[in-house]
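As structure tokens, the structure follows; a few thoughts come after it.
The values are calculated or read from the model by the stated rules, or taken from the named source; none is laboratory data. Computed from a predicted structure; not experimentally measured. So basically every Cβ, Gly included, is an ideal-geometry build from the backbone, and we count neighbours across all protein chains shown.
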């Protein structure tokens, strides 16, 4: 037999109005108008076939039936609230699988994970490094870090860092028989490329270095490889501002020039829209957005 339940919105309005003994306070609590609360109470009274409230001297009172009904249902609302808190707490615990580019994992996330673990030891982070993303989250991934322009449909995309590309090299290249004093001096050195040679091509065009041969130098499949080649004095790389920062701070790399190339790409935190505000996904999202926001001046 099907349960005979009153309209749930009407029941919620009645519980709030009976607890506050005020339609106005109930409306404020439920983020609706006083008229909407009144309408819901009327619908519930019609469903039950009895009066739940009466007005006296500008005050709102419960009828005998209303008082009895409120005493019966208030514990139910408390139980619902407790059950909801429990399931949300369970949702904030357990494993969280993060998919992201290997270079971002190595240069940015992994060094900061101890901070997250100290704040949220209940969340077990699992890192899944992937070279390319297909713009969708698979069933075995909770959240991801994507690199691109933020146009992945059906997903919540929060920008972490805008990408800037800047020439970086070992300090040993600043001196010697081919010192780096001006941009034009780049022509005398080996160029290190990340995936393709198009970034150096854009850099030379942006800053008027015509006649520079950008079709020379090794190509690496990962940004960390390019940076390590630069650390070892093998040439000059166009380093991503975020990925190159640890090497710059340690003095293993230097940026000999102020010129930088503003990219159309950025790093984004990505998750399913419906999961962004709850459980362990929300915990990690809030942490990584706050961490990125606190470091914007460093990486801009």
How many of the residues in segment 178-188 are crowded, with 17+ Cβ neighbours inside 10 Å and either in contact with a strand residue (DSSP E or B) (Cβ under 7 Å, 6 or more places away or on another chain) or assigned to a loop (DSSP other than H, G, I, E, B) (or both)? 2
On the given criteria, is residue 191 touching a residue at least 12 places away in the same chain (Cβ under 8 Å), farther than 29 Å from residue 127 by Cβ, within 35 Å of the chain's Cα centre (by Cα) and outside the structural domain of residue 286 (by TED's automatic domain parsing)? yes
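Please go through segment 227-248 and give me each residue that is in contact with a strand residue (DSSP E or B) (Cβ under 8 Å, 6 or more places away or on another chain) and under 19 Å from residue 145 (Cβ atoms), ordered by number.
Passing the criteria: 227, 239, 240, 241, 242, 244.
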Residue among 197, 205 that is surrounded by fewer than 17 Cβ atoms within 10 Å (Cβ to Cβ) and touching a strand residue (DSSP E or B) at 6+ places or on another chain (Cβ under 8 Å): 197
Filter segment 109-148 down to the residues that are surrounded by fewer than 17 Cβ atoms within 10 Å (Cβ to Cβ), at pLDDT below 90 and assigned to a loop (DSSP other than H, G, I, E, B) and list them by number. 122, 130, 131, 132, 134, 135, 136, 138, 139, 140
Of (1) more than 18 Å from residue 184 (Cβ to Cβ); (2) surrounded by 19 or more Cβ atoms within 10 Å (Cβ to Cβ), residue 256 fails just (1)
Identify the single condition in (1) assigned to a loop (DSSP other than H, G, I, E, B); (2) closer than 21 Å to residue 101 by Cβ; (3) modelled with pLDDT of 90 or more that residue 217 does not satisfy, given that it satisfies every other one. (2)
Segment 228-244 - residue that is within 22 Å of the chain's Cα centre (by Cα) and part of a helix (DSSP H, G or I) and, of those, surrounded by the fewest Cβ atoms within 10 Å (Cβ to Cβ): 241
